[in-house]
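Structure, as structure tokens:
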Amino acid sequence: MALIFQRLARNFIKNGYFPTDGETLSRILPMLIPDLSGGVPCEGRTIRMLDPCCGEGAALADLCQGLCNSWPNGPFIETYGVEFDQERAWHAKTIVQSVIHSDIHDVVIKPRTVGLLFLNPPYGFGLKDNATGAVASDTNERAERLERTFLKKTAPLLMIGGVLVYIIPHYALDDEIRTYLARNFTDLRFFMAPEQQFKQCVIVGTKCKPGHPRKDVLDMLTRAQAGELNDQELPRQWTQERYVVPSVAYGSEFDFRAVRLDGPQLAQELDRWQNSLLWTGFDTTFSQAKSEHRRPLRDMTKWHLALALAAGQVTGRIESKDGRVFLIKGDTFKKKERTVATQVDDNGNVTETITMLDRFVPVINAIDFTPGDRLGQIVKIS
């Protein structure tokens, strides 16, 4: 288990934060195997692992390191985390590939793109928006259990065949959670964690298409909630078939971003992409505007002027013979023309033919800079 900063220790119980212990992690790891169906080495393949409440990131980092050490020629592993607490989130950024400091509800993640969901959510009840500042003991001020909220929010992110590792207190397996697991996961297994300070259990399953919940699975989870399966401890040696963590093509489409960024995270992103920023490449981007225009070898004909206009090169300040001054910008836009032709044959059958043609229309936009009542008027010539 990774060391935890002393300054964070006071927050363990606060906000329902109970990090996964090292012994539990060491027993979960042998249950997993990366997708090796494409052969070894698995070049061009990657596994995405997500922890939506990653804390300091130790659990996700340890799982990633364990899989990489056991399968050095397996797929490349990408790790993603979300953490609400600022201190824990910034520590996680140092050991997890990509971490967002935010509420999970303010993070956009593309559905069905994650291969492994490691979910050890906050324990307990959330509060309704209109709850009082004191601890809400009244059920009217309680929202649903956080274990259920995080499950329903993040399980759709798993691809079909993806693996769920779900760590919650066994007594939190209410009817809605049991039904959701039985409908959306197959090969479900229940174990009690070796660390029992908070009566945690570990539920592992494979994502499947939603279906009718199986009665035997519901019965098993009901017994687990009642504490009848507390003797089923997570084994030290895994002898059953392993859970295969699916992979995707490296570089395939994936969306992982925050709806809102705070100042420090924005600064981090700007520093990360500084070579792609407009200000960094200002001279390159606007070099054309700064370059010296050479006089053409001959006077421009009407055709030359038309081409310059279509290319958007007719710009700047001009003065007409009558003294009017304009600031102009030329451009070309594409306009679709729709024609409909109707034909009627000898039998009275009507045939309608629709033709769509692209027509390129040059246009000049100008601002009248002539002193007087026309100053500031916009003129459009097309």
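The values are calculated or read from the model by the stated rules, or taken from the named source; none is laboratory data. Quick caveat, the model's predicted, so the values are computed rather than measured. Every residue, glycine as well, gets a Cβ built from its backbone with ideal geometry; the counts of neighbours run over all protein chains shown.
Between V259, V204, V245, which is more than 23 Å from A59 (Cβ to Cβ), β-branched (V, I, T) and in contact (Cβ under 8 Å) with a residue 60 or more places away in the chain? Only one candidate passes the filter, namely V259. Being in contact with a helix residue (DSSP H, G or I) (Cβ under 6 Å, 6 or more places away or on another chain), in a loop (DSSP other than H, G, I, E, B), more than 19 Å from E176 (Cβ to Cβ) and assigned by TED's automatic domain parsing to the domain that holds G39: is that true of P194 here? Taking the combined requirement at face value, the residue satisfies it.
The rows are residues; the columns are (1) modelled with pLDDT of 95 or more; (2) crowded, with 18+ Cβ neighbours inside 10 Å.
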| position | (1), (2) |
| --- | --- |
| D187 | yes, no |
| Q200 | no, yes |
| G211 | no, no |
| T222 | yes, no |
| W238 | no, no |
| V248 | no, yes |
| A267 | no, no |
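Yes or no, residue by residue, for (1) under 16 Å from I167 (Cβ atoms); (2) in contact with a helix residue (DSSP H, G or I) (Cβ under 9 Å, 6 or more places away or on another chain):
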| residue | (1), (2) |
| --- | --- |
| I28 | yes, yes |
| S37 | no, no |
| G44 | no, no |
| L67 | no, yes |
| P72 | no, no |
| T79 | no, yes |
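Within segment 57-91, can you find the residues that are within 22 Å of L157 (Cβ to Cβ) and of a type in the set (F, W, Y)? Of everything in segment 57-91, those that are within 22 Å of L157 (Cβ to Cβ) and of a type in the set (F, W, Y) turn out to be F76, Y80, F84.
The C-beta contact set for segment 47-72 (first residue closer than 14 Å to S247 by Cα, second residue of a type outside the set (K, R) and part of a helix (DSSP H, G or I), distance under 7 angstrom, 6+ apart or interchain) comprises M49/L60; M49/L63; M49/C64; L50/L157. Filtering segment 62-74 for residues that are within 19 Å of the chain's Cα centre (by Cα), of a type outside the set (S, T, N, Q) and within 19 Å of V202 (Cβ to Cβ) leaves an empty set. Of the set (1) part of a strand (DSSP E or B); (2) more than 17 Å from V202 (Cβ to Cβ); (3) of a type outside the set (K, R), all apply to M49 but (2).
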